[in-house]
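*Asks:* Please see the structure below; I have some questions.
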Amino acid sequence: MKRVLVATGGGDCPGLNAVIRAIVKRAAQERDWEIIGSIQSFDGILREPTEIRVLDERAVAGIHVQGGTIIGTTNKGGPFAWPVKNKDGSWTSVDRSDEMIRKLQYLGIDAVISIGGDGSQKISQDLFEKGLNIIGVPKTIDNDLSATDFTFGFQTAVQIATEAVDKLVTTAASHNRVLILEVMGRYAGWIALHAAIAGGAEVCLIPEIPYDTQKVLAKLNSRYDKGKGNAIVVIAEGAVPVGGSLTSEQSDEVGYNNLRLGGVAHKLMHDLKNAGFEADMRETVLGHLQRGGSPIAYDRILATQFGVKAFEMVLEGKFGEMVAYRHPDIISVPLIDAINKPNFVDPTSDLLKTARGIGISFGD
Ligand code: F6P
């Protein structure tokens, strides 16, 4: 019997369960393969007692429609930075990667499939360099990995954000208001850009194009005549004004090393007010709604393609590589290349031209 360990790491994302199901169903077509799920990413291996579960076809039946991940996830700590509490109550981190690799050998694991975003794939690369047979599957709603045309979960997030814009349009029109929608995406403006085009926003502010508050103000004023009018602004959580900085805070959660982005809609609303904008404004922060619930069909299909490919890469021994989508093919690329170059919106791209072509202002 050969064993593949599957782990989902980082923030969750619609489609994770569809990947898990596809791995299990593809493996079931081969003789003598067992798929094991590690609970909450690699924490399941590092914990005592070990937290793992066998994933057979019965365990994954019908899960492709479910959001989240049936084996849990975490975006804290990890094998290279495991949080440990000091006697004085403070926290430090220790490298438990060698211990984890030994434990995987003891458990008879022949290969690992790690489903995760940039942070998780950096861990995959480091484990590969230590000799682990590991394959990466990219996931993130942010779509910020350059090695793949799209990550699963992104289109679902765009759909949710677009539905939010659609709803805001009707209430903005009723009240003659400007409604500002803050969406996720970290340092990439993909969700904001797609939702702004699909939903018909007037202003879209993304990290890749620092905005000038005066230009945003001018665009919004152009939408009003004698106090009557309305507008929708979609702003990415990583958007910055010209000469300004990220709106963020350091988290005090143990083992959480990411900056927590958020608050850009609130900041913009106040900056516009201070700049003299007179109409009523309200902010909506879409937050984790963008990551929850059932994946749309597109993401189920992409996730399923990734899962099947990942297991086939195990069969082919393509370790140290990551599944990627290069239209129309599902390919594999070296993990090291995948983690080195983020995928940001290109301000000169056709998609940006399309947005400008329908009058969307980027505040530049
Ligand atoms: O990377 C996915 C993402 O949802 C980002 O868009 C967002 O900034 C971050 O994760 C939020 O992380 P958390 O779930 O830790 O709040």
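What follows draws every value from the coordinates through simple rules; no lab data is involved. Everything numeric here is computed off the predicted structure, so don't read it as measured data. Neighbour counts run over all protein chains shown; Cβ positions are idealised from the backbone, glycine included.
*Asks:* Among the listed pairs 87/122; 228/353; 122/318; 267/353, give every one whose C-alpha distance is greater than 25 Å.
*Replies:* Numbers: 87/122 31 Å; 228/353 29 Å; 122/318 17 Å; 267/353 27 Å.
Cα-Cα > 25 Å for 87/122; 228/353; 267/353; rest within.
*Asks:* Hey, with R₀ at 45 Å, roughly what FRET efficiency would residue 336 and residue 59 work out to, going by the Cβ-Cβ distance, to 0.05? Numbers along the way, then the final one.
*Replies:* Working: r = 33 Å, r/R0 = 0.73.
E(calc), rounded to 0.05, equals 0.85.
*Asks:* Lys/Arg Cβ at +1, Asp/Glu Cβ at -1, dipole of segment 156-291 taken about the Cα centre: which of 286, 241, 227 is farthest positive-ward?
*Replies:* In segment 156-291, that residue is 227.
*Asks:* So what's the angle, to the nearest 10 degrees on a 0 to 90 scale, between helix 118-129 and the longest Cα principal axis of the chain?
*Replies:* Approximately 30 degrees, to the nearest 10.
*Asks:* Sticking with this structure for a sec: Subtract the Cα-Cα distance of residue 130 and residue 266 from 0.36 nm times their separation in residues, and report this length gain in nm to one decimal.
*Replies:* Numbers: separation 136, 0.36 × 136 = 48.96 nm, distance 4.52 nm.
In short, 44.4 nm is gained.
*Asks:* So what's the net charge close to residue 18: Lys and Arg +1, Asp and Glu -1, counting the other residues with Cβ under 12 Å from its Cβ? Present the calculation step by step, with values, prior to reporting the outcome.
*Replies:* Details: positive: 21, 25, 139, 300; negative: 299.
Net charge around residue 18: +3.
*Asks:* Which GluC sites (Glu not before Pro) in segment 1-107 sit in a loop by DSSP (not H, G, I, E or B) and have at most 15 other Cβ atoms within 10 Å of their own Cβ? Show your work: numbers first, answer last.
*Replies:* Details: sites: 30, 34, 51, 57, 99; in loops: 30, 51.
Loop-located and lightly packed - 30.
*Asks:* Something else now. Using a cut-off of 16 Å between alpha-carbon atoms, which aspartates and glutamates can reach residue 103, once sequence neighbours fewer than 8 places away in the same chain are excluded?
*Replies:* 43, 48, 51, 95
*Asks:* Report, in degrees rounded to the nearest 10, the 0 to 90 angle that the Cα long axis of helix 190-199 makes with the longest principal axis of the chain.
*Replies:* That helix lies at roughly 50 degrees to the long axis.
*Asks:* Using only alpha carbon pairs under 8 Å that are at least six residues apart, calculate the relative contact order of segment 156-291 and give it in whole percent.
*Replies:* 33
*Asks:* Follow-up. List 70, 35, 206, 331 from most exposed to least, where exposure is judged by having the fewest other Cβ atoms within 10 Å. Could the numbers behind the result be given before it?
*Replies:* Working: 70 17, 35 25, 206 30, 331 13.
So the ranking, lowest neighbour count to highest, is 331, 70, 35, 206.
*Asks:* Would you work out the charge dipole size for the chain about its Cα centre, treating the Cβ of every Lys and Arg as +1 and the Cβ of every Asp and Glu as -1, and quote it to the nearest 20 debye?
*Replies:* Working: 38 positive and 44 negative charges, 101 e Å.
The dipole of the chain has a size of about 480 debye.
*Asks:* Which residues in segment 259-296 have a backbone N closer than 16 Å to a point placed 7 Å from the Cα of residue 221 along the Cα-to-Cβ line?
*Replies:* Answer for segment 259-296: 271-280.
*Asks:* Report, in deg cm²/dmol and to the nearest 500, the calculated mean residue ellipticity at 222 nm for the chain, where each DSSP H run with n ≥ 4 adds -39500 (n - 2.57) and the sum is divided by the residue count. Working shown, then result.
*Replies:* Values: 12 runs with 128 residues, N = 364.
Calculated mean residue ellipticity at 222 nm is -10500 deg cm²/dmol.
*Asks:* Let me ask something additional. Which lysines have a Cα less than 19 Å from the Cα of residue 85, not counting those fewer than 8 places away in the same chain?
*Replies:* Excluding near neighbours in sequence, the set is 76.
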